[in-house]
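Nothing in this text is a laboratory measurement; each read-out follows from the coordinates by a stated rule. Computed from a prediction, not measured in an experiment: that's the story for all the values here. Here Cβ is always computed from backbone atoms with ideal geometry, including for glycine, and neighbour counts include all displayed protein chains.
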Amino acid sequence: MEKNQPKTGKFARVYGLVLGILTITFAVMLYIAGLQYEQSLALFAVNISIMIGVIVFGIYKFREANNNLLTISEAIKVGIGIALIGAIIGIIYQMIFINIIEPDFMTNMMAAQKAEMISQNPGMTQDEIDAAVKMMENFSGPFLSAAIGLISALFFGLIISLLGGLILKKEEAAY
């Protein structure tokens, strides 16, 4: 008698939606607190912690639904799927935010980054500042930042899934 195996895609969709909602909620909290231009290690740590928590929990719930069995490839499929769906939802929100909610976001973000760069490097010449600003402008387009966000989400999703799969792995014993 063959067992009904759960589908990795179902878990990826459900927990990807959860990740997307939590990502948007955190972004809205930052906006309300006036910290939308802040780029600190602490905020990065919170974002990664949310991602780790949701991906590992999604992998765990998949294992639970699969008679407590999990292979690393299943963990990676679930985790990458969660990261992909969460990233797509986050990117859609980011596009809405940048184009509708706060159309001056990119300009203000560039100004904040320039001020931070100058305060950290007070000896920079005007030519060095101009070159750095030009480079920031080249990498600050909404579509390029969305692509970078998607690629980084998939990269971190892969690492988290692999580690989560190694920790939660449980295969059928061969007799």
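Phi-derived couplings, Karplus 6.51 cos²θ - 1.76 cosθ + 1.60 at θ = phi - 60°, listed residue by residue for region 79-84: x, 5, x, 4, 4, 5 Hz, with x used for Gly and Pro. Extension gain for residue 163-residue 144 works out to 4.0 nm (0.36 nm per residue, less the C-alpha to C-alpha distance). Between the Cα long axis of helix 41-65 and the first principal axis of the chain there is an angle of about 20°, rounded to the nearest 10.
For region 69-143, the Kirkwood radius over C-alpha pairs fed into Stokes-Einstein at 20 °C and 1.002 mPa s yields D = 139 µm² per second. Projected onto its three principal axes, the C-alpha set of region 34-165 covers 63, 33, 25 Å, listed from the longest axis down. Residue separation of residue 96 and residue 110 scaled by 0.36 nm, minus their Cα-Cα distance, works out to 3.2 nm of gained length. For the chain, the relative contact order comes to 36 percent (Cα pairs under 8 Å, sequence separation of at least 6). Note on the chain: GNM, Cα springs under 10 Å; of 154, 144, 17, the largest mean-square fluctuation is that of 144. Counted residue by residue at 0.36 nm each, then reduced by the alpha carbon distance between them, the extension gain from residue 44 to residue 117 reaches 24.4 nm.
Under a 5 Å amide H cut-off, with hydrogens placed 1.01 Å from N, residue 70 pairs with 170, 171 among residues at least 5 apart or on other chains.
Quickly work out the residue 125-to-residue 33 label distance, labels modelled 7 Å from Cα along the C-beta direction, and quote it in nm with one decimal. Simple spin-label model gives 4.1 nm for this pair. I need the shape label for region 46-93. Rule: rounded when a/c is under 1.5, else prolate if a/b > b/c, else oblate, with a, b, c from the alpha carbon gyration tensor. Prolate shape, in that a/c is at least 1.5 and a/b is the bigger ratio.
Listed peptides 63-71, 93-101, 19-27 appear in the order 19-27, 63-71, 93-101 once ranked by packing, highest mean of other Cβ atoms within 10 Å at the front.
Among the lysines of the chain, pairs that are 8 or more positions apart or on different chains and have alpha carbons within less than 18 Å of each other number 14. Axis of helix 8-32 versus longest Cα principal axis of the chain: the two differ by about 30°, to the nearest ten degrees.
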